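Take a look at the structure set out below.
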Amino acid sequence: MFNRVNMENLAIPKTQIHRHPERSVPEEFQFILERGRVAHVGFCQNGQPYVIPFSYHFDSKTSNCIYLHGAHGSRALQLLGAGAPVCVEVTLVDGLLYSRTAIDHSMNYHSAVCFGRAQWVTNNDEKAAVFEKMVSRYFPGRKASVDYEAAPASHLEGTALLEVILEAWSAKARCGGPNGPLDHEANAAGSAGVLPVDFLV
């Protein structure tokens, strides 16, 4: 079994942000994971790197791990369940920036990158609790046995669940408007501004 560690002790040098270090936001790491919807899970098999998108569950109030689920035959889950190191990345897109110069088009975002190793969750009661919390996170207000039928034992046993224990992490954010040389000149040619996240939906 992997030992759990305190969240405040997880930021270690290997996750130091070198490009735009002023954008480091370690205090927002949990917020990003709690708000995210898609985790990009990276791993390496026989020298070949892979990145697979997963839905996931994270709750800073109860744990310092990320839960991934899927089919028992999933190559990614089988590899990670055997102890292979894993990298998990989550990004929140806050807006798209358009600039008067091509190179200064960008985006506002929050992102978290974490490293760890996984272990299988096999107890059906624990699996049921995680899945119910996950449904509630993606669909706020929905409750088992009220809004949907709770998962029977056959469904729980037929679904693989991994607990990724977080060993190291970093978080980064960009906010504000475009920073092109003419973007703050009202009379300059072209246009500049921010497309809010609502526009992207």
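The values are calculated or read from the model by the stated rules, or taken from the named source; none is laboratory data. Values in this document were obtained by computation on a predicted structure and should not be read as measured data. Every residue, glycine as well, gets a Cβ built from its backbone with ideal geometry; the counts of neighbours run over all protein chains shown.
Just a few scattered comments:
- From Phe131, Phe139, residue being crowded, with 17+ Cβ neighbours inside 10 Å and modelled with pLDDT of 95 or more: Phe131
- When region 168-201 is filtered for residues that are assigned to a loop (DSSP other than H, G, I, E, B), loosely packed, with under 12 Cβ neighbours inside 10 Å and free of Cβ contacts under 8 Å to residues at least 40 places away in the same chain, the ones remaining, listed by number, are Ala186, Asn187, Val201.
- Per the listing Ser106, Ser111, Ser55, the residue uniquely within 22 Å of Thr15 (Cα to Cα) and polar (S, T, N, Q) is Ser111.
Conditions tested, residue by residue: (1) at pLDDT below 95; (2) within 30 Å of Pro21 (Cβ to Cβ).
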| site | (1), (2) |
| --- | --- |
| His110 | no, yes |
| Val135 | no, no |
| Leu166 | yes, yes |
| Ser170 | yes, yes |
| Gly176 | yes, yes |
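- Number of the exception - Ile103 against (1) assigned to a strand (DSSP E or B); (2) modelled with pLDDT under 95: (1)
Quick grid of which residues meet (1) out of contact with any helix residue (DSSP H, G or I) (no Cβ under 6 Å at 6 or more places or on another chain); (2) more than 24 Å from Leu156 (Cβ to Cβ); (3) assigned to a strand (DSSP E or B); (4) not hydroxyl-bearing (Ser, Thr, Tyr):
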{"position": "Ile32", "(1), (2), (3), (4)": "yes, yes, no, yes"}
{"position": "Cys44", "(1), (2), (3), (4)": "yes, yes, yes, yes"}
{"position": "Tyr50", "(1), (2), (3), (4)": "yes, yes, yes, no"}
{"position": "Ser60", "(1), (2), (3), (4)": "no, yes, no, no"}
{"position": "Leu77", "(1), (2), (3), (4)": "yes, no, no, yes"}
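- Residues that are out of contact with any strand residue (DSSP E or B) (no Cβ under 7 Å at 6 or more places or on another chain) and farther than 18 Å from Leu156 by Cβ within region 96-137 comprise Ser99, Arg100, Thr101, Ala102, Ile103, Asp104, listed in sequence order.
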